[in-house]
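J.: Quick one: the structure is below, and I'll ask about it shortly.
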Amino acid sequence: MVQNTQRDQRRAADFVKRYNPPRIFGDFKWKHVVTVEQFERADLDILFKVATSLRRRVASHDPDVSQLARGYLMASLFFEASTRTDLSFQAAMRRLGGEVITPSGGVQFSSVYKGENLADTVRAAACYADVIALRHPERGASYEAAYYLDTLRGRITRQTVVLSGGDGIGEHPTQALLDLFTILDQKQSLDNLTITLVGDLKHGRTVHSLAKLIARFENARTRVNLVSPESLKMPREIVAYLNVRKVATIETDRLTDVIGKTDVIYWTRVQEERFENPTEYDAIADAFIMTPDLLAQAQDDAILMHPLPRKHEMGTPSDHDLLDEDTRSVYFAQMENGMFVRMALLALVLGLEV
Ligand code: ASP
């Protein structure tokens, strides 16, 4: 992970207030994507329709898919560890026929090593690439990137957009899009569903974005259980965001009260890297462990999701194996969907004919 200073953190966080992300309103072309708040229900319908079609076309080896993004380049800038987001963005771009550039050896061997700031690093990438997939440890970093990319418009030969691949403890918009796509794929609609988000709801950016997306379905009578230890509760503004949009929420640390009445169980890892004090982490690290015995208490038609990576919050490696065998565990399908949703997003922001 790239070391960040408190000054950098404050600077990035300021951009959340300073930069107003463009609403999609049916037109994705050349729009940065930094928060799920940019998406209306109709935008989600467009995105998921394209993702479903690309999934079908990839499965049938449609040769035209790999011609769609020919001539386009994506720069992959990951300032923080990643397996799925990085690989799936890269795979998405390549499957569309586009190409990917990334600093040889990762960003730690780019000029970041010499102390270059984010504003200059993203603008360097924009001089070469059409789209930037950015992951960064600071909340607001993608807003900062979007702001500085806009300063280049008209001054270089192309318009480059940034797609956030996760901003510190802020948001992870593309993860939430693929999570929602997976829920709709499995359950057809959010109507009357009970969704239980479990674990580190304070630092988990995926649950921040997913909760906001669920709030888009105002009249669906979706219920959201927020299960966490007291010290890792969902930020107040996100609970308020849900409640203002009439999504019923229950906050509890008693999973056993809700697990048997849940349609979607969304498990998360305690984000060890976000804790300043290791003893605070140790105190709650084992608060919620998913095991085959616990899953046995869930409904037969419930689904178990996890953004991954997983550690001990899904028990031992042999628990992992047993959980994986359970047909209610959909986290591998969720992961694969990530590539199709990112293909769709890339195609739409680049304005490709899909
Ligand atoms: N991969 C997800 C993220 O980047 C979840 C996690 O790391 O626990 O936020």
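J.: Return the only residue of 256, 249 being out of contact with any Pro (no Cβ under 7 Å at 6 or more places or on another chain), open to solvent by 90 Å² or more (accessible area, probe 1.4 Å) and of a type in the set (Val, Ile, Thr). Write out each step before concluding.
T.: Working: 249 fails: open to solvent by 90 Å² or more (accessible area, probe 1.4 Å).
Exactly one of 256, 249 is out of contact with any Pro (no Cβ under 7 Å at 6 or more places or on another chain), open to solvent by 90 Å² or more (accessible area, probe 1.4 Å) and of a type in the set (Val, Ile, Thr), namely 256.
J.: Among what's in the stretch 294-344 and is more than 24 Å from the chain's Cα centre (by Cα) and among the charged types (D, E, K, R), pick the residue that is nearest to the ligand (Cβ to nearest atom).
T.: Filtering the stretch 294-344 for residues that are more than 24 Å from the chain's Cα centre (by Cα) and among the charged types (D, E, K, R), the one nearest to the ligand (Cβ to nearest atom) comes out as 319.
J.: Could you tell me whether residue 143 is open to solvent by 10 Å² or more (accessible area, probe 1.4 Å), more than 16 Å from the ligand (Cβ to nearest atom) and over 25 Å from residue 340 (Cα atoms)? Explain how you work it out, then say what you get.
T.: Numbers: open to solvent by 10 Å² or more (accessible area, probe 1.4 Å): yes; more than 16 Å from the ligand (Cβ to nearest atom): yes; over 25 Å from residue 340 (Cα atoms): no.
When the stated conditions are applied, residue 143 does not pass them.
J.: If you don't mind, another one. Among (1) under 24 Å from residue 23 (Cα atoms); (2) out of contact with any helix residue (DSSP H, G or I) (no Cβ under 7 Å at 6 or more places or on another chain); (3) away from the ligand (no atom under 13 Å from the Cβ), where does residue 205 come up short?
T.: Tallying (1) under 24 Å from residue 23 (Cα atoms); (2) out of contact with any helix residue (DSSP H, G or I) (no Cβ under 7 Å at 6 or more places or on another chain); (3) away from the ligand (no atom under 13 Å from the Cβ), residue 205 fails exactly one: (3).
J.: Could you give me the residue pairs with C-beta distances under 6 Å whose first residue belongs to the stretch 36-60 and is of a type outside the set (S, T, N, Q), whose second residue is open to solvent by 60 Å² or more (accessible area, probe 1.4 Å) wherever it lies, and which are 6+ apart or on separate chains?
T.: Every condition considered, the pairs that remain are 50/354.
J.: On to the next question. Look through 51, 81 and report the one residue that is within 21 Å of residue 144 (Cβ to Cβ) and either within 16 Å of the ligand (Cβ to nearest atom) or buried (at least 19 other Cβ atoms within 10 Å of the Cβ) (or both). Show your work before the answer.
T.: On the way: 51 fails: within 21 Å of residue 144 (Cβ to Cβ).
From the options 51, 81, the qualifying one is 81.
J.: So how many residues does the stretch 265-293 have that are of a type outside the set (A, V, I, L, M, F, W, C) and within 13 Å of the ligand (Cβ to nearest atom)? Don't jump to the end; show me each part of the working.
T.: Looking only at the stretch 265-293, we keep the residues that are of a type outside the set (A, V, I, L, M, F, W, C), and these are 266, 268-269, 271-274, 276-282, 286, 291-293.
Still in the running and within 13 Å of the ligand (Cβ to nearest atom): 266, 268-269, 271-274.
Qualifying residue count for the region: 7.
J.: Now for a separate question. Within the stretch 87-180, considering only strands (runs of 3 or more DSSP E) that don't extend past its boundaries, which have at least 3 residues that are under 30 Å from residue 40 (Cβ atoms) and touching a strand residue (DSSP E or B) at 6+ places or on another chain (Cβ under 6 Å)? Reasoning before the result, please.
T.: On the way: elements: 99-101, 131-136, 161-167.
Ranges flagged: 131-136, 161-167.
J.: Which pairs have Cβ atoms under 7 Å, sit 6 or more apart or on different chains, and link a residue in the stretch 322-345 that is under 13 Å from residue 85 (Cβ atoms) to one that is part of a loop (DSSP other than H, G, I, E, B)?
T.: Hits for this filter: 335/308.
J.: Might you let me know whether the stretch 4-11 holds any residue that is of a type in the set (D, E, K, R), at pLDDT 95 or above and either closer than 20 Å to residue 151 by Cα or open to solvent by 40 Å² or more (accessible area, probe 1.4 Å) (or both)?
T.: Within the stretch 4-11, the first condition is being of a type in the set (D, E, K, R), and the residues that meet it are 7-8, 10-11.
Filter once more, so that each one left must be at pLDDT 95 or above: none.
No, the stretch 4-11 contains no residue that is of a type in the set (D, E, K, R), at pLDDT 95 or above and either closer than 20 Å to residue 151 by Cα or open to solvent by 40 Å² or more (accessible area, probe 1.4 Å) (or both).
J.: Assess whether residue 95 counts as being surrounded by fewer than 23 Cβ atoms within 10 Å (Cβ to Cβ) and of a type in the set (D, E, K, R).
T.: Working: surrounded by fewer than 23 Cβ atoms within 10 Å (Cβ to Cβ): yes; of a type in the set (D, E, K, R): yes.
Yes.
J.: Just to verify a result, which residue in the stretch 307-352, among those that are small (Gly, Ala, Ser) and outside any helix (DSSP H, G or I), is surrounded by the fewest Cβ atoms within 10 Å (Cβ to Cβ)?
T.: Initially, the stretch 307-352 is screened for residues small (Gly, Ala, Ser), giving 315, 318, 329, 333, 338, 344, 347, 351.
Those still in the list that are outside any helix (DSSP H, G or I) too: 315, 329, 351.
On the way: 315: 19, 329: 22, 351: 11.
It comes out as 351.
J.: Here is a further query. Report whether or not residue 152 is more than 16 Å from residue 16 (Cβ to Cβ) and within 15 Å of the ligand (Cβ to nearest atom). Walk me through how you get there before you give the answer.
T.: Working: more than 16 Å from residue 16 (Cβ to Cβ): yes; within 15 Å of the ligand (Cβ to nearest atom): no.
Taking the combined requirement at face value, the residue does not satisfy it.
J.: Answer yes if at least one residue in the stretch 212-224 is open to solvent by 20 Å² or more (accessible area, probe 1.4 Å), away from the ligand (no atom under 14 Å from the Cβ), over 15 Å from the mean Cα position of the chain (by Cα) and of a type in the set (Val, Ile, Thr), and no otherwise.
T.: The answer is no, given that none of the residues of the stretch 212-224 is open to solvent by 20 Å² or more (accessible area, probe 1.4 Å), away from the ligand (no atom under 14 Å from the Cβ), over 15 Å from the mean Cα position of the chain (by Cα) and of a type in the set (Val, Ile, Thr).
The values are calculated or read from the model by the stated rules, or taken from the named source; none is laboratory data. Only a predicted model underlies this, so the values are computations on that prediction, with no experimental measurement involved. No Cβ is skipped: glycine too gets one built from the backbone with ideal geometry, and neighbour counts run over all protein chains shown. Calculation scope for accessible area: heavy atoms of the full protein, side chains included, ligands and nucleic acids excluded. Shrake-Rupley method; radii C 1.70, N 1.55, O 1.52, S 1.80 Å.
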